[in-house]
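**Student:** Mind looking over this structure? Questions follow.
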Amino acid sequence: MEYKEFARKKDYLVCVDSDGCAMDTMDIKHFRCFGPCMVEEWGLEEWRDDILYRWNQVNLYSMTRGINRFKALAILLSEIDKSCKKIPGTEEFIKWTEVSDELSNAELSRVLEKSGSSCLKKALHWSNEVNNRINEISEWDKIPFAGVKEGLAFAHEYADIAIVSSANPDAVSTEWEKHGLMKCVDLLMAQNAGSKTFCISKLLEYGYEPDHVMMIGDAPGDLSAAEKNRVRFYPVLVSHESDSWNGIKEALDRLINGTFDNSYQKQLINAFEHNLLN
Ligand SMILES: [Mg+2]
């Protein structure tokens, strides 16, 4: 359903992220596509295992989880340039990631019309290769975590449900539809709807009390979007996703009976941060 056609039906709202939160799609994209494509693009076979380990650490298993792909690339190239081999043009690429308002393939193509930097060119080639490789992943390898269907069905009895994701809207809708999750969803707000912080703020305009709203997410960016809107945050912990989904009933019970207080919230955030810091 389009945002403009949405109407509030319940007093509670559950916002849920897709990649790495409801759908088990993040590990596979980083393991099979992002890291290996970087090793190929810059000829880094000699250091392959160490580099893939660092790539996954930065993108999946630390507080930078969910970071923009070009920012992650800047971190890795800077490390590789210092400790493995010289990467020509690294500084110019890093500079671009620091100053550009938009970090996307389209913006990188525009910059390349003016500058011929080999590192920027390789970064765009890498990013396109990553997209090609992601498109080759079978639909059957993109599945929801155990417990998602049941958790969302339970939530939907009490709350409106909105997907709040920064992924491509068609991809999200196809994946959720395929696994029968869409019937629990009232609204999809994806990449084209704006940032997660903005999406939650627009949803609050429908008149939900902020403490009747819960964002379910797997990355620090989800937490920050919830905090900026003063709504509750329920973390899905990386490597423990099913346990997290099984615990969602307690969080919803608390949201509904008014016991999702600051101390419970703090406990959830501590567990989330501890899981990413260790
Ligand atoms: Mg996510």
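The values are calculated or read from the model by the stated rules, or taken from the named source; none is laboratory data. These figures come from a predicted structure and were not determined experimentally. Quick reminder, even Gly has a Cβ in these numbers, built from the backbone with ideal geometry, and neighbours come from all protein chains shown. For the accessible areas, the whole protein counts, side chains as well, though only heavy atoms, and no ligand, DNA or RNA atoms are used. Shrake-Rupley method; radii C 1.70, N 1.55, O 1.52, S 1.80 Å.
**Student:** Mind grabbing the accessible area of Glu129 for me, 1.4 Å probe, Å², rounded to tens?
**Tutor:** The accessible area comes out at roughly 70 Å².
**Student:** Just going by the charge dipole of the range 26-139, with Lys and Arg at +1 and Asp and Glu at -1 on Cβ, which of Cys119, Leu52, Cys33 is farthest out on the positive end?
**Tutor:** The residue sitting most towards the positive pole is Cys119.
**Student:** Heavy atoms of the protein only, probe of 1.4 Å, neighbouring chains included. What is the accessible area of Cys199 in Å², nearest 10?
**Tutor:** Spelled out: Cys199, probe radius 1.4 Å, area about 0 Å².
**Student:** Here's something else I'd like to know. Please state the charge dipole magnitude for the chain, taken about the Cα centre, from unit charges on C-beta atoms (+1 on K and R, -1 on D and E), reported in debye and rounded to the nearest 20.
**Tutor:** For the chain, the charge dipole is close to 400 debye.
**Student:** Return the single residue from Gly207, Gly20, Gly194 with maximal mean-square fluctuation; model: Gaussian network over the chain, springs between Cα atoms under 10 Å.
**Tutor:** Top of the fluctuation ranking is Gly207.
**Student:** Moving on to the next point. Can you spot the lysines whose alpha carbon is less than 24 Å from Lys10's alpha carbon? Ignore those fewer than 8 places along the same chain.
**Tutor:** Output for Lys10: Lys149, Lys183, Lys196, Lys202, Lys228, Lys249.
**Student:** Return a whole-number percent for the relative contact order of the range 125-215, with Cα pairs under 8 Å and 6 or more residues apart as the contact set.
**Tutor:** 27
**Student:** May I pose another question? Below 8 Å between Cα atoms, with a sequence gap of 6+, how large is the relative contact order for the range 26-139 in percent?
**Tutor:** Working: 84 pairs, mean separation 31.6, N = 114.
Worked out over the range 26-139, it gives 28 percent.
**Student:** Expressed in nm to one decimal, what extension gain is obtained for the pair Glu209 and Ser242 from 0.36 nm per residue of sequence separation less their Cα-Cα distance?
**Tutor:** 9.0 nm
**Student:** Within the chain, what whole-number % of the accessible surface is contributed by carbon and sulfur, with the 1.4 Å probe and all protein chains included in the calculation? All intermediate terms of the calculation are to be shown ahead of the outcome.
**Tutor:** Details: 6500 of 13290 Å².
Taking all protein chains in place, the chain shows 49 percent carbon and sulfur surface.
**Student:** Among Trp42, Ser78, Gly20, which residue has its Cα furthest toward the positive end of the charge dipole of the chain, with +1 on Lys/Arg Cβ and -1 on Asp/Glu Cβ?
**Tutor:** Ser78
**Student:** Got the relative contact order for the chain handy, in percent, Cα pairs under 8 Å and 6 or more residues apart?
**Tutor:** The value is 27 percent.
**Student:** Follow-up question, since we're still on this one. Taking the chain as the reference, fit the longest principal axis to its C-alpha atoms, fit the long axis of helix 48-59 to the helix C-alpha atoms, and give the angle between the two in degrees, 0 to 90, nearest 10.
**Tutor:** 40
**Student:** Using alpha carbon centroids, what distance separates the range 167-207 and the range 63-131, in Å?
**Tutor:** Centre-to-centre (Cα) distance: 29 Å.
**Student:** Further question on the same structure: Run down the lysines and flag those whose C-alpha is under 19 Å from the C-alpha of Lys86, throwing out any fewer than 8 positions away in its chain.
**Tutor:** Once the sequence-local lysines are set aside, what remains near Lys86 is Lys71, Lys95, Lys121, Lys122.
**Student:** Ranked from the most accessible area to the least, with a 1.4 Å probe and all protein chains present, what is the order of Asp49, Asp186, Asp11, Asp27?
**Tutor:** Correct descending sequence by accessible area is Asp49, Asp11, Asp27, Asp186.
**Student:** Can you give the FRET efficiency for Ala106 and Arg32, using 1/(1 + (r/R0)^6), R0 = 22 Å, r = Cβ-Cβ distance, to the nearest 0.05?
**Tutor:** 0.35
**Student:** For the chain, with a Gaussian network of springs between Cα atoms less than 10 Å apart, report the residue from Gln191, Gln57, Gln267 with the top mean-square fluctuation.
**Tutor:** Ranking Gln191, Gln57, Gln267 by mean-square fluctuation puts Gln267 first.
**Student:** Starting from the Cα of Glu98, step 7 Å along the direction of its Cβ; do the same at Asp261; then give the gap between the two resulting points in nm.
**Tutor:** Inter-label distance under the simple model: 4.6 nm.
**Student:** So, one more: Kindly report the accessible area of the range 26-139 per residue (heavy atoms of protein chains, probe 1.4 Å, no ligands, DNA or RNA), in Å². Spell out each step's value before the answer.
**Tutor:** On the way: 5830 Å² over 114 residues.
Spelled out: the 1.4 Å probe surface of the range 26-139, per residue, equals 51 Å².
**Student:** Could I ask something else about it? Kindly express, to the nearest 10 degrees and within the range 0 to 90, the angle between helix 90-99's C-alpha long axis and the longest C-alpha principal axis of the chain.
**Tutor:** Long axis of 90-99 versus the principal axis of the chain: about 30 degrees.
**Student:** On a 1.4 Å probe surface of the protein chains, which of Met182, Met63, Met189 comes out largest in accessible area, and what is the full order?
**Tutor:** Result, largest first: Met63, Met182, Met189.
**Student:** With all pairs of different alpha carbon atoms counted, what Kirkwood hydrodynamic radius in Å does the chain show?
**Tutor:** In the chain this quantity evaluates to 19.8 Å.
**Student:** Compute the length gained on full extension between Glu5 and Asn278: take 0.36 nm times their separation in residues and subtract their Cα-Cα distance, giving the result in nm to one decimal. Present the calculation step by step, with values, prior to reporting the outcome.
**Tutor:** Values: separation 273, 0.36 × 273 = 98.28 nm, distance 4.33 nm.
Separation in residues times 0.36 nm, less the Cα-Cα distance, equals 93.9 nm.
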